[in-house]
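The values are calculated or read from the model by the stated rules, or taken from the named source; none is laboratory data. Given the structure is predicted, the values throughout are model-derived calculations rather than measurements. Reconstructed Cβ throughout: ideal geometry from the backbone, glycine too, with neighbour counts over all protein chains shown.
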Amino acid sequence: MASSGASFKSGGARRKATKKGLVFTVMIVGASGCGKSTFINTLCENPVILRKDHADAEKAAQLKTIGLAPTTVELDEDGLKLSLTVVDTPGFGDNINNEPAFEDILGYIEHQYEEILAQESRIKRNPRFQDNRVHVLLYFIQPSGHSLREMDIEFMRLLGARVNVIPVIGKADSMTPQELNAFKKRIMEDISHYKIPIYDFPYDEEEDDEETIEENNELRSLLPFSVIGSEDEVVISGRRVRCRQYPWGVVEVDNSKHCDFSKLRYMLLSSHLHDLKDITHDVFDDDDEQD
Amino acid sequence: MAPPATSGPVSVGIANLPNQRHKIVSRKGASYNIMVVGESGLGKTTFINTLFTALMRDYKRPEQRFAKQLDRTVQIDVVRADIEEKGFNVRLSVIDTPGFGDYANNTDCWVPIVQFLDEQHQHILNHETVPNRKTDDLRVHACLYFIQPTGHTLKPLDIEVMKQLCTRVNLIPVIAKADTITPADMLAFKDRIRDCISTHNIQVFTPAVHSEDEDATRRNTSILAAMPFSVIASENDVQVNGQTVRGRQYLWGVAEVENEAHCDFKKLRNLLIRTHMHDLITSTHEHHYETHRVAKLTASGRSDDDPALQARRGFEAKMKEEEAELRKKFTEQVRLEENRFRQWEQKLISERDRLNEDLDKQHSLVKQLEEELEEIIAARKR
């Protein structure tokens with residue numbers, strides 16, 4: 001039952017790819033103020049997520065519920081059309097008690113799987129049905145410089161079982177290079193100690209070629225990715241650069257020495273997009289079907 | 001009593017009092033207690049070490065983080081040091097609060113901190129009436145609350161905790177890791193924080209602005225305008241333009257700790273140590289300690305009036321009570337008596353009725369007999 005479903009899906013997906021372009025859903029989770037919305041806007045090169053209105057001081061003290069709102073953007077990656085759906089999670093980690101938030105997000109992800117399952121079991125399927133399954137979840141870690149916090153560990157462990165989780169360090173321009181390396185090392189130690197399942201660029205020793213293996217190893221060594229986001233563009237020595245301007249210097253978003261943003265973007269939208277989708281469809285969906 | 005002799009323009013030496021005070025204070029030294037509150041990873045330890053240019057606190061050892069159990073409590077850590085500068089001694093205590101705000105559920109995480117503050121005030125209060133009054137004074141003179149540099153606004157946890165702390169201690173909000181925010185964003189962030197603080201009526205420590213010295217007034221105004229202070233902390237020295245400064249070395253430049261254009265560290269240090277240290281110490285004693293004292297004493301039933309007045313009031317109250325009781329007793333008696341009379345009346349009435357009935361019966365009997373007699377007499381005559 002599962003295998004026949006898979007072959008039907010892949011055939012249909014290939015046809016869909018050439019006609020409508022690729023479909024990809026990314027969910028971004030993390031405490032507020034980590035740079036999530038700026039990251040999304042930087043990734044899509046467009047102000048997709050509008051700035052929250054923080055001016056109301058009264059609202060600052062109130063209990064916040066998670067607002068899960070998918071937004072779809074059409075991107076053009078090397079000539080290939082990509083319909084990217086981004087799900088932002090404003091309000092996560094903002095409250096005094098954040099445990100209820102976990103259930104909300106997990107519920108959303110499971111709901112998407114249930115929808116697909118319901119669609120596939122129908123006799124007459126809706127051809128215009130949008131597949132909203134989350135293909136990858138970027139979890140933003142606060143740049144504390146110490147190690148993972150309780151909330152990070154619990155959340156990634158809970159969701160790593162249902163979706164591809166990639167840990168990301170937001171606002172990476174608050175750490176010096178040595179601090180950043182030490183921080184990354186400690187996070188990876190935490191992840192292996194607490195056995196948190198993440199997407200760590202798996203490769204097959206026998207099947208994949210040397211280049212792929214090398215690429216995956218390189219990306220794995222960069223985990224967790226450090227990102228800096230900016231929507232402001234400045235002209236520096238004749239070229240337009242996305243950057244953040246401080247009194248002591250200018251941080252460039254696309255400079256791979258300053259942060260891993262460009263590598264992350266390339267990995268997400270070009271090289272590993274299909275891998276992430278396949279894992280979502282095969283591994284996580286199969287778990288669901290067997291239930 | 002004769003009026004005191006007025007002294008003309010003769011200097012007696014009263015103006016020398018500040019100098020004497022200076023000698024006394026510099027001999028005795030001072031005890032200064034600072035508390036730092038904030039989530040872990042905000043640079044509190046680095047800040048304290050930078051402030052006193054000495055390794056006051058050890059950094060958290062990352063190797064130990066797997067060993068300890070996550071017991072989800074907030075601890076109070078006190079580190080003491082004796083600092084000496086130009087012959088002047090300060091007994092410094094730094095109180096850290098590890099575990100604050102670090103968990104998924106942070107409800108009531110401020111309770112251990114508030115309890116600690118209250119305990120210190122209570123400790124001094126208890127020692128007021130003890131024969132030997134010399135005791136360790138651990139009342140917190142300044143509490144630095146570290147705000148996360150989100151760039152948005154205050155979080156609900158920040159607001160709740162600051163509300164609880166501001167009534168017990170001099171609260172100074174500080175924006176941590178200020179090298180994450182660009183200057184324009186920083187101004188907007190500070191505005192929003194100030195807005196939040198005033199909307200929720202949080203009383204942060206505001207130094208008095210006006211003083212006799214022009215310089216001081218100007219300094220105080222600039223300090224006030226910069227609150228909440230943005231800080232960058234570092235213990236490392238880096239080279240900038242041939243000079244050695246404290247700062248953080250990035251690939252794109254050096255963020256300097258003591259550069260006023262980069263952050264407000266200097267202003268905060270001046271406030272805490274150079275200019276307002278005495279202010280903080282005295283306002284803790286005169287304002288916060290007094291508030292605590294008044295609250296505790298009125299709660300236990302004591303009041304300010306002198307004994308005679310109090311006794312009289314107590315006596316009057318007692319009189320009123322007795323009067324009310326007598327009145328009640330009186331009405332009760334009256335009621336009882338009335339009842340008794342009524343019953344008596346009823347009895348008399350029923351007695352009268354009975355007698356009347358008897359009388360009637362006798363009457364009718366007599367009548368009957370009379371009639372019989374007349375019949376007999378009438379029958380005889382015939």
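For (1) more than 21 Å from the chain's Cα centre (by Cα); (2) loosely packed, with under 13 Cβ neighbours inside 10 Å; (3) within 14 Å of chain B (Cβ to nearest Cβ), each residue gets a yes or a no:
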residue	(1), (2), (3)
A:Asn97	yes, no, yes
A:Ala101	no, no, yes
A:Ile105	no, no, yes
A:Ile109	no, no, no
A:Ala118	yes, yes, no
A:Lys124	yes, yes, no
A:Leu137	no, no, no
Looking at segment B:151-158, is at least one residue outside any helix (DSSP H, G or I), within 14 Å of chain A (Cβ to nearest Cβ), on the phi > 0 side of the Ramachandran plot and not hydrophobic (A, V, I, L, M, F, W, C)? yes
Can you list the strands (runs of 3 or more DSSP E) lying wholly within segment B:225-289 that have 2 or more residues being surrounded by fewer than 17 Cβ atoms within 10 Å (Cβ to Cβ)? B:237-240, B:243-250
For residues that are more than 9 Å from chain B (Cβ to nearest Cβ), touching a residue at least 40 places away in the same chain (Cβ under 8 Å) and crowded, with 22+ Cβ neighbours inside 10 Å, tally how many sit in segment A:149-165. 4
So A:Ser144 clears everything in (1) surrounded by fewer than 16 Cβ atoms within 10 Å (Cβ to Cβ); (2) closer than 28 Å to A:Gly249 by Cβ except one condition, right? Which one? (1)
For B:Leu125, indicate whether it is touching a residue at least 24 places away in the same chain (Cβ under 8 Å) and farther than 28 Å from A:Val250 by Cα. yes
Could you list, in sequence order, all residues of segment B:95-106 that are within 11 Å of chain A (Cβ to nearest Cβ), among the polar types (S, T, N, Q) and in a loop (DSSP other than H, G, I, E, B)? B:Asn106
Might you check whether a residue that is within 18 Å of B:Lys267 (Cα to Cα), acidic (Asp, Glu) and at pLDDT 80 or above occurs anywhere in segment B:163-179? yes
Does any residue in segment B:195-208 that is closer than 14 Å to B:Pro173 by Cα and within 11 Å of chain A (Cβ to nearest Cβ) come within less than 7 Å, Cβ to Cβ, of a residue that is among the hydroxyl-bearing types (Ser, Thr, Tyr) and surrounded by 18 or more Cβ atoms within 10 Å (Cβ to Cβ) six or more places away or on a different chain, and which pairs are these? B:Cys196/B:Thr153
Does A:Val168 satisfy the condition of being assigned to a strand (DSSP E or B) and surrounded by 14 or more Cβ atoms within 10 Å (Cβ to Cβ)? yes
When you check B:Lys296 against the structure, is it surrounded by 10 or more Cβ atoms within 10 Å (Cβ to Cβ), free of Cβ contacts under 8 Å to residues at least 24 places away in the same chain and either more than 60 Å from the chain's Cα centre (by Cα) or under 30 Å from B:His127 (Cα atoms) (or both), yes or no? no
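Here is a yes/no grid of residues against (1) at pLDDT 80 or above; (2) outside the structural domain of B:Met35 (by the TED database); (3) not in a loop (DSSP other than H, G, I, E, B):
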residue	(1), (2), (3)
B:Ala67	no, no, no
B:Asp82	yes, no, yes
B:Ser93	yes, no, yes
B:Asp108	yes, no, no
B:Asp118	yes, no, yes
B:His127	yes, no, yes
B:Asp137	no, no, no
B:Phe146	yes, no, yes
Residue check: is B:Asn220 closer than 26 Å to B:Asp118 by Cβ, more than 9 Å from chain A (Cβ to nearest Cβ), within 31 Å of the chain's Cα centre (by Cα) and polar (S, T, N, Q)? no
Can you tell me which residues in segment B:26-35 are of a type outside the set (Ser, Thr, Tyr) and either in contact with a strand residue (DSSP E or B) (Cβ under 6 Å, 6 or more places away or on another chain) or in contact (Cβ under 8 Å) with a residue 40 or more places away in the chain (or both)? B:Gly29, B:Ala30, B:Asn33, B:Ile34, B:Met35
